[in-house]
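What follows is one structure encoded as structure tokens, with my remarks underneath.
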Amino acid sequence: MIEETRVTTDDLIFPLFLIDGKNQKTEVASMPGIYRLSSDLILKEIEECLKLGIKVFDVFPAVEDQHKDKKATRSYDANFFYLKCLREIKRQFPEACIMTDVAMDPYSSDGHDGFVKDGKILNDETLEILGKMALAQAETGIDILGPSDMMDGRVGYIRRVLDENGFSDVSIMSYTAKYASGFYNPFRDALDSAPKFGDKKTYQMNPANRTEALLEAQLDTEEGADFLMVKPALAYLDVIRLLKDNSVLPISAYNVSGEYSMIKAAAAKGWLDGERVMKETLLSIKRAGADIILTYFAKEFALTQKR
Ligand code: PBG
């Protein structure tokens, strides 16, 4: 009766990794229990998860090297497997809410989220590419775009492109306070998308900064974001609370790959009770102020609710 916080499957977004091909399923070595799935199997996974009460999915493509280039041209090729699969998901499961990722890294031969020239990430040149990518994704019928690239001005740019093309009902969950973090490595294994040189510190945030998250939140709000995200979640619970207290927009938090892997690794060694710590972790993120949690634990959590 007096319990203040409760996590349910309604709070969760399940990130999924898509690969090209048929009947393909490979486990991500650093993320036990998480698989890269081909289109046919991802459809099955979504069907299963819908039955468990998970309604929102964030789909990321793992792209083969031969399809990567400097300008991420495959990202807006309507015949590429990612966009084809999104269309099929919405055709078979119109009731599923589908979120996509807007950033160049899965398709970039440089492994960066932006366009690289002479060793520098060029902000404004990147916006043009992100605009094309966002439009191509919106055309598949998806519901939420997730710009994870961290270029300045991209939310406003993407919003304009969407509105001008009749997609005013597609919403934007902005990666607002996305920190240059060591917790993303297992994700980069999953997509084989690690930067080929340097790091992402010129566009992702400095982990030392809190006030800057407010500035990012203000800009994203003015530019038309529908949700604000904090990422990673656990080392940034204070930032989640800060945005929750200073915004009327829904706040989401990304319980990232490294946070998942740490718990899985310790549980595999018998050092932690994996299920208990999973629940405590999700609860802490919600208690900190997140309305929505992106988490690789989504399905596992849902299964424990059915027991
Ligand atoms: C890149 C992107 C990253 C994640 C989501 N989108 C990694 C990065 O910025 O290098 C990380 C998610 C996770 O670690 O679970 N656009």
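The values are calculated or read from the model by the stated rules, or taken from the named source; none is laboratory data. Values in this document were obtained by computation on a predicted structure and should not be read as measured data. A quick note on method: Cβ atoms are made from the backbone with ideal geometry, for glycine too, and the neighbour counts reach across all protein chains shown. Side chains are part of the model used for accessible areas, which takes the heavy atoms of the whole protein and leaves out ligands, DNA and RNA. Shrake-Rupley method; radii C 1.70, N 1.55, O 1.52, S 1.80 Å.
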* Asked: What does the helix-only formula give at 222 nm for the chain: each DSSP H stretch with n ≥ 4 adding -39500 (n - 2.57), the total divided by the residues, and the result rounded to the nearest 500 deg cm²/dmol?
  -> -12000 deg cm²/dmol
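How large is the dipole of region 35-108 about the Cα centre if only Lys and Arg carry +1 and Asp and Glu carry -1, each at its Cβ, rounded to the nearest 20 debye?
Values: 12 positive and 13 negative charges, 38 e Å.
Computed charge dipole of region 35-108: roughly 180 debye.
For the chain, what's the relative contact order in percent, using C-alpha pairs closer than 8 Å and at least 6 residues apart?
On the way: 589 pairs, mean separation 59.3, N = 307.
It comes to 19 percent, rounded to a whole number.
What does the charge count around K306 come to, taking other residues whose C-beta lies under 12 Å from its C-beta (Lys +1, Arg +1, Asp -1, Glu -1)? Numbers along the way, then the final one.
Details: positive: K51, K299, R307; negative: E48, E300.
Value of the local net charge: +1.
So in the chain, what percent of DSSP beta bridges are antiparallel if you round to the nearest 5? Numbers along the way, then the final one.
Numbers: 6 of 41 bridges.
Within the chain, antiparallel bridges account for around 15 percent of the total.
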* **Farthest toward positive dipole pole in the chain [+1 Lys/Arg, -1 Asp/Glu at C-beta], among N246, S257, M205** => S257
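Nearest 20 debye, what's the magnitude of the dipole of region 155-307 about its Cα centre given +1 on Lys and Arg Cβ and -1 on Asp and Glu Cβ?
Working: 20 positive and 20 negative charges, 138 e Å.
It comes to approximately 660 debye.
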* Structure fact -> Whole-Hz Karplus couplings 3J(HN,Hα) for region 158-165, θ = phi - 60° and coefficients 6.51, -1.76, 1.60, Gly and Pro as x, run 5, 4, 5, 4, 4, 5, 5, 10
* Calculate what fraction, in whole %, of the accessible area of the chain sits on carbon and sulfur atoms when a 1.4 Å probe is rolled over the protein chains. => 49
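Quick check for you: with a 1.4 Å probe and neighbouring chains kept, what is the accessible area per residue of the chain, in Å²? Working shown, then result.
On the way: 13450 Å² over 307 residues.
It amounts to 44 Å² per residue over the chain.
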* Structure fact -> Gyration tensor on Cα atoms of the chain, a ≥ b ≥ c root eigenvalues, a/c under 1.5 rounded, else prolate if a/b beats b/c, else oblate, says rounded
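Give me the dipole magnitude in Debye, nearest 20, for the chain about the Cα centre, with unit charges on the beta carbon: positive for Lys and Arg, negative for Asp and Glu.
Details: 39 positive and 49 negative charges, 154 e Å.
With Lys and Arg at +1 and Asp and Glu at -1, about 740 debye.
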* Asked: Which residues make up the longest stretch of the chain that has no GluC sites (Glu not before Pro) in a DSSP loop with at most 10 other Cβ atoms within 10 Å?
  -> 96-307
* Under a GNM of the chain (C-alpha, springs under 10 Å), which listed residue has the highest mean-square fluctuation: Y157, Y254, Y175? -> Y157
* **Integer Hz, Karplus 6.51/-1.76/1.60 couplings in order for region 238-248, x for Gly and Pro** => 5, 6, 4, 5, 4, 5, 4, 6, 10, 9, 9
